[in-house]
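K.L.:
Mind looking over this structure? Questions follow.
Any read-out appearing in this document is the output of simple, stated calculations on the displayed coordinates, not a laboratory observation. On a predicted model such as this, the values are computed, not experimentally measured, just so you know. Please note: Cβ atoms are built from the backbone with ideal geometry, for glycine as well, and neighbour counts cover all protein chains shown.
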Amino acid sequence: MQTEQKYFEDDVFKERLMINVNADKRELSSNIRAARAILNSFPDVTIIINAHSYTIGIKNPEYTVNEKLGDRKGIMSEKGVTAGFKSAKKQGCKVVVIDLDEHIWLVRPFELSKYISRRKADFEQGLIEACYVVFNGEAVCVNAKEQTRREIESIINELKP
């Protein structure tokens, strides 16, 4: 039996950010913060914060970004990119949101681009279609299928204050 989905509009981005009334309350403020950073940087993007799944052992994707499942990964260091991508793929996500604002105080474009570019096969196989990097309330989008490690580094460098 499927329950009816109910949403409310975000105060800032209105219908571009819809929030399910059953979204995970523990992560809601972080999910809204990262989603707003993406929406602020990409005017053509829409995001839905999905309902939380209460099934034991199953972590459902937090976002639907432009009608594709996505999940926010609040990594502790650049090395967390690998685990974040693996987890997102298990969840059936096509979009990965690397949230540096959650635990990281300094963006290191060289290190971060190295780990994202190592996920090239995920992009080439169509498992992942987009990777947003959020830092300091801003976002960039990278794709290791279309961009070299140096190009990814250059794009991430745009996030530096």
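K.L.:
Let's test this: bin the Cα-Cα distances of the chain at 10 Å from zero up to the farthest pair and state each bin's percent.
P.N.:
Calculated P(r), rounded to whole percents: 11, 42, 35, 11, 1.
K.L.:
Spelling out what I want: for every residue of region 126-136, take phi, set θ = phi - 60°, compute 6.51 cos²θ - 1.76 cosθ + 1.60 (Karplus), and round to whole Hz; glycine and proline get x.
P.N.:
Karplus-based 3J(HN,Hα) across region 126-136 equals x, 6, 10, 10, 8, 10, 9, 10, 10, 8, 6 Hz.
K.L.:
A follow-up question, please. Under a Cβ-Cβ cut-off of 15 Å, what is the net charge of the residues other than Lys120 that fall near it, where Lys and Arg count +1 and Asp and Glu count -1?
P.N.:
Numbers: positive: Lys86, Lys89, Lys114, Arg118, Arg119, Lys145, Arg149, Arg150; negative: Asp122, Glu124, Glu129, Glu146, Glu151, Glu153.
Result for the local shell: +2.
K.L.:
Something else now. Counting each DSSP H run of 4 or more residues in the chain as -39500 (n - 2.57), what helix-only mean residue ellipticity at 222 nm follows after dividing by all residues, to the nearest 500 deg cm²/dmol?
P.N.:
Numbers: 5 runs with 48 residues, N = 161.
Rounded to the nearest 500, the figure is -8500 deg cm²/dmol.
K.L.:
At a 10 angstrom cut-off on C-beta neighbours, averaged per residue, how do the peptides 133-144, 13-24 rank from highest to lowest?
P.N.:
Working: 133-144: 19.9, 13-24: 16.5.
Highest mean packing first, the order is 133-144, 13-24.
K.L.:
Here are some pairs, Lys25/Lys86; Lys14/Lys86; Lys59/Lys120; Lys90/Lys145; Lys6/Lys59; which of them have Cα atoms lying more than 30 Å apart in this structure? Please report the intermediate quantities before stating the final value.
P.N.:
Working: Lys25/Lys86 24 Å; Lys14/Lys86 32 Å; Lys59/Lys120 24 Å; Lys90/Lys145 20 Å; Lys6/Lys59 20 Å.
Over 30 Å Cα-Cα: Lys14/Lys86.
K.L.:
Tell me, in nm to one decimal, what length is gained between Asp44 and Leu106 on full extension, where the rule is 0.36 nm per residue of separation less the Cα-Cα distance?
P.N.:
On the way: separation 62, 0.36 × 62 = 22.32 nm, distance 2.78 nm.
Full extension from Asp44 to Leu106 adds 19.5 nm.
K.L.:
How about Lys114: which aspartates and glutamates have a C-alpha closer than 14 Å to its C-alpha, ignoring those fewer than 8 places off in the same chain?
P.N.:
Reachable aspartates and glutamates: Glu78, Glu151, Glu153.
K.L.:
Also, quick follow-up: Show the residues, 5+ positions off or on another chain, whose built amide H is closer than 5 Å to the amide H of Ala139.
P.N.:
Ser41
K.L.:
A follow-up question, please. In degrees between 0 and 90, to the nearest 10, how far off the longest principal axis of the chain does helix 80-90 point, with axes built from Cα atoms?
P.N.:
The angle comes out at about 50 degrees.
K.L.:
Could you compute the FRET efficiency for Lys145 and Val12, with r as their C-beta to C-beta distance and R0 at 25 Å, rounded to 0.05?
P.N.:
0.20
K.L.:
Right, something else. Quick check on region 14-70: what are the equivalent-ellipsoid semi-axes from the Cα gyration tensor, as sqrt(5λ), descending, whole Å?
P.N.:
Over the Cα atoms of region 14-70, the semi-axes work out to 20, 11, 9 Å.
K.L.:
Return the distance in nm (one decimal) between the two label points of a simple spin-label model at Gln91 and Ser154, each offset 7 Å from Cα along Cα→Cβ.
P.N.:
Roughly 3.1 nm, to one decimal.
K.L.:
Suppose R0 equals 41 Å. What FRET efficiency, 1/(1 + (r/R0)^6) with r the Cβ-Cβ distance, do Arg118 and Lys25 give to the nearest 0.05?
P.N.:
0.75
K.L.:
A further question on this structure: So, in nm, how far is label Asn66 from label Glu138 when the simple model puts each one 7 Å beyond its Cα toward the Cβ?
P.N.:
Taking the two extended label points, one gets 2.0 nm.
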